[in-house]
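Here's the structure we're looking at; comments come further down.
The values are calculated or read from the model by the stated rules, or taken from the named source; none is laboratory data. As the structure is a prediction and not an experimental result, all values here were calculated from the model. Cβ placement follows ideal geometry from the backbone for every residue including glycine, while neighbour counts extend to all protein chains displayed.
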Amino acid sequence: MTQPEPGPVYAPEFEGGEWIQGGPVPIRGSGRPVLVDFWDYTCLNCLRTLPYVTEWHRRYAEHGLVIVGVHTPEFSFARNPEHVRRAVAAQAIDYPVVLDAEYKIWQAYANRYWPAKYFVGADGKIKARHFGEGGYAQSEELLQRLIAEQPGFADPLPEVMEPVRPEDGTGAVCYRVTPELYCGYARGLVGNVGAITPDRPMRFADPGKHVEGMLYLEGDWLLSAESVARPFGAQTASRMHLDFMAADANLVLHPPITSGPGRLRVLLDGAPPGALAGEDVDADGRVAVDVPRMYRLIRSDEVERRSLTLETGSDGLAAFAFTFTSCVMPPPAGEG
């Protein structure tokens, strides 16, 4: 929900970041409304909001709206400007983007969330904020009000855009699903029993019984603070097992540093995912990991409990975090 500020304060300037595209952009004294969008290119919820943000830029830039994407990285590799430039191009982002690698802008706004949007009026003051997905129509209506408040503004504005996805519309149902699961020991939940030696290669044994929302490793892996990776020189297949409840399942992956694309095999409930394969997976469950980003593994129209097994023989392939979607549009009455 878009939350109005109880007492508007001046928005901090974009100081301490590196401009990836466009910029520098001033806030105070510009006389124009500004939408500040904190995002990360590996963040599922951020990626799901981008179609709306990019369309708002297309609709309202000519009416005075300025949008600035503040890319504050969740993982260390996302501090690399080249990775961010690649993601900006892949997402067809046209508005200015600043890389906040040291969290200077994040801290200036006292921000805590990805994605987070701050609505700044033409006077430079924060009028409202919105955290997470949803509330797109309400957010666009607020942007239109801020645009209309510009001195002398009298242009007609378009109708609020229609939902991009069915699950964004009226009637969608959002379920309680498996929460985001990190793969590294700093924030992760590894369910293997016995002693685990972090930051060193070791061989894991799968206990066979799995608790939903916990990661179980099998074979040779190296568990570090941010990720789990197949170590160089591994002698056995490296597998990970995860029982989850969700519609879609995604995984942030980094390819091997010293070789070509990494290879990953996806099994859903013990078989290739077939029609439930995400856009980065073929029907036989194969994934080519060529750049560090979020990979879409499973795509379903229903929230169900499923068992996921991932297998790789690519030394250096690293996994960082699983994310899941919870909202679906139920079939019309009498169907399904």
Tally of residues being surrounded by 13 or more Cβ atoms within 10 Å (Cβ to Cβ) and either under 22 Å from GLU304 (Cα atoms) or at pLDDT below 90 (or both) across segment 191-202: 2
Qualifying residue in segment 295-308 (condition: under 22 Å from GLU74 (Cβ atoms), of a type in the set (D, E, K, R) and either surrounded by 14 or more Cβ atoms within 10 Å (Cβ to Cβ) or at pLDDT below 95 (or both)): yes
Scope segment 203-219; condition within 29 Å of the chain's Cα centre (by Cα), of a type outside the set (Asp, Glu) and surrounded by fewer than 19 Cβ atoms within 10 Å (Cβ to Cβ); matching residues: HIS210, VAL211, GLY213, MET214
Matching entry among LEU222, LEU267, LEU276 (being under 24 Å from ALA205 (Cα atoms) and crowded, with 19+ Cβ neighbours inside 10 Å): LEU222
Qualifying residues in segment 54-69 (those that are of a type in the set (Val, Ile, Thr) and under 20 Å from LYS125 (Cβ atoms)) - the one surrounded by the fewest Cβ atoms within 10 Å (Cβ to Cβ): VAL66
Any hit, segment 1-17, residues being modelled with pLDDT of 95 or more and outside any loop (DSSP other than H, G, I, E, B): no
Of all residues making up segment 133-166, the number that are closer than 21 Å to GLY69 by Cα, in a loop (DSSP other than H, G, I, E, B) and in contact with a Pro (Cβ under 9 Å, 6 or more places away or on another chain): 2
Check on VAL34, surrounded by 14 or more Cβ atoms within 10 Å (Cβ to Cβ) and either at pLDDT below 95 or aliphatic (A, V, I, L, M) (or both): yes
